[in-house]
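The values are calculated or read from the model by the stated rules, or taken from the named source; none is laboratory data. Nothing here was measured: the structure is a model prediction, and the numbers come from that model. In this analysis, Cβ positions are derived from the backbone assuming ideal geometry, glycine residues included, and neighbour counts consider all displayed protein chains. Remember, those area values only see protein heavy atoms, side chains included, never the ligands or the DNA or RNA. Shrake-Rupley method; radii C 1.70, N 1.55, O 1.52, S 1.80 Å.
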Amino acid sequence: MLKSRLKTLFLAASVTFLAVSLITFPQESFDASIRGLNMWWEIVFPSLLPFFIVSEMLIGFGVVRFIGVLLEPLMRPLFKVPGVGGFVWSMGMASGFPAGAKLTARMRQEGQLTKIEAERLVSFTNSSNPLFIFGAVSVGFFYNVQLGVILALAHYLGNISVGLIMRFYGRSEESTTKDKERNLSIRDAFAALHRTRIKDNRPIGKLLGDAVMSSIQTLLMIGGFIILFSVINKLLFHLHITGFLAKFLEIMLGMLGMTDMLSLPFISGIFEITLGSQMTSQVQDATLMHQAVITSFILAFSGFSVQAQVASILAQTDIRFQPFFFARIIHGFFAAFYAFILWKPVYERFFQDGQPSNALPVMEYLTSEGSRLAEAYSLLATAGPLITIGSLLIYIWIFGRRILQEK
């Protein structure tokens, strides 16, 4: 009872403090809101919407179940999750936060994952997409597209490492009965695809409409969290809370041989990855390697803003948030470690002079001047608002039609 009352008092005091801060710093709050809105409006919405819609349709048509049967022999031994985890993992890497959580929650609602399997899967299927790592962070903040190779390698290797560790999670809660090992069978996969499509039984138009509605509703929620945490981060800075927390971090950074100027960007990145990455790139006293290590941790931890989005999505199911939060801390340390150990053999060897030397073809493609990913990010920032407006108009049209049909 006492614990519950203290929690109530803490939550009420926190919200009241936030409201007073908004009144005290109205201009700063407004500027932060605009910044968060621009990020959602130009980049997040148009980049995530196609993946969300396509993934919903793939689930409805049974393609995900088909992939799940084929990937069962791979995903089960490695990560202790069903084969559908392979689809969630690939879509999460391609589309970025919080697609992995949304698809995991959807698979749990479909009954294709147990509670423990879903908690394992969500822990390593949420990641930054390559477009953000190369386009926004490497080019937009550091003006160094080659740095994206290190950040991407560290990020995705860290994800794999988290998945391998989380396979041991929940062993005591799992049923002791072992599933029969499945042999790879295209016939079984097609049979599962057909059964899933017949069971869904929605016309294509209805399925498409549901996919658009569900995806846009999720993205509206994501936009609200981005704006809210952009404001909170700004308020914490002006209230000197960020600086106060950074003082404790300066000692640790000093022990690691890093400048204490990285402490403030690190704390900001704990709350919101975009601002933290940008501030890290602006620290002149730090070496590029130290900036890469801190940025890798920030990208992997993903910030309280993204974690709040994931928590909101998982709240619709029985999937617990605590394993996901624990995995983000592990991912942060793994990503920072990989960025450190890969710096000399990868960055200094191939990109030290800014030009790849004896580099792999894929690295030459990704890190060439006018990189495709950097160009795609720039194009998205230009055309993003038009895509957002058009999608919202379609959403309003579908929503209006359904209201009229119900009447």
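Measuring nothing but how far apart in sequence close Cα pairs (under 8 Å, 6+ apart) lie, relative to its length, the stretch 54-126 scores a relative contact order of 28 percent. Peptides 112-120, 14-22 ranked from most to least packed give 112-120, 14-22, packing being the mean of other C-beta atoms within 10 angstrom over each peptide's residues.
So what's the net charge close to Leu48: Lys and Arg +1, Asp and Glu -1, counting the other residues with Cβ under 13 Å from its Cβ?
Summing Lys and Arg as +1 and Asp and Glu as -1 gives -1.
Electrostatic bookkeeping for Leu342 treats Lys and Arg as +1 and Asp and Glu as -1; over the other residues with beta carbon under 15 Å from its beta carbon, the sum is +1.
In the context of the full set of protein chains, residues of the chain present 50 Å² of accessible surface per residue (probe radius 1.4 Å, heavy atoms only).
The packing ranking of peptides 99-109, 228-238, 322-332, highest mean first, is 99-109, 228-238, 322-332, where packing means the average number of other beta carbon atoms within 10 angstrom of each residue. Estimated from the Cβ-Cβ distance and a Förster radius of 22 angstrom, the FRET efficiency linking Thr16 and Ala311 is about 0.50. Stretching Ile198 away from Asp318 to a fully extended chain increases their span by 40.5 nm, per 0.36 nm per residue minus the current alpha-carbon distance. Take every pair of alpha-carbon atoms less than 8 Å apart whose residues are at least six positions apart; their mean separation over the length of the stretch 241-312 yields a relative contact order of 28 percent. The distance between label points at Tyr143 and Phe244 comes to 3.7 nm (points 7 Å beyond Cα on the Cα→Cβ vector). Take each peptide in 336-342, 306-312, count the other Cβ atoms within 10 Å of every residue, and average; sorted highest first, the result is 306-312, 336-342. Annotation for the stretch 66-157: chymotrypsin sites (Phe, Trp or Tyr not before Pro) lying in DSSP loop with at most 13 further Cβ atoms inside 10 Å of their Cβ are Tyr143. Which of the following values of Rg and Dmax of the Cα atoms in Å was calculated from the structure shown: (1) 29.1, 120; (2) 22.8, 81; (3) 22.2, 68? Among (1) 29.1, 120; (2) 22.8, 81; (3) 22.2, 68, the one derived from this structure is (3).
Once the chain from Ala383 to Phe333 is taken as fully extended at 0.36 nm per residue, the excess over their C-alpha distance is 14.4 nm. The mean sequence separation of alpha-carbon pairs under 8 Å and at least six residues apart, normalised by the residue count of the chain, gives a relative contact order of 25 percent. Among the protein heavy atoms of the chain, carbon and sulfur supply 66% of the accessible surface, probe 1.4 Å, non-protein parts ignored. Using the rule -39500 (n - 2.57) for each DSSP H run of four or more residues, divided by the residues of the chain, the 222 nm mean residue ellipticity is -24500 deg cm²/dmol. The gain in end-to-end length when the Leu392 to Thr24 segment is fully stretched comes to 129.1 nm, 0.36 nm per residue minus the alpha carbon separation.
So if I place +1 on the C-beta of Lys and Arg and -1 on the C-beta of Asp and Glu, and nothing else carries charge, what would the dipole magnitude of the chain be about its Cα centre? I want it in debye, nearest 20.
With Lys and Arg at +1 and Asp and Glu at -1, about 1580 debye.
Membrane-span-like helices in the chain, defined here as complete DSSP H runs extending at least 27 Å along the helix axis by their C-alpha atoms with mean Kyte-Doolittle hydropathy no lower than 0.5, are 2-24, 147-166, 204-238, 322-342, 372-406; this is a sequence and geometry rule, not a statement about a membrane.
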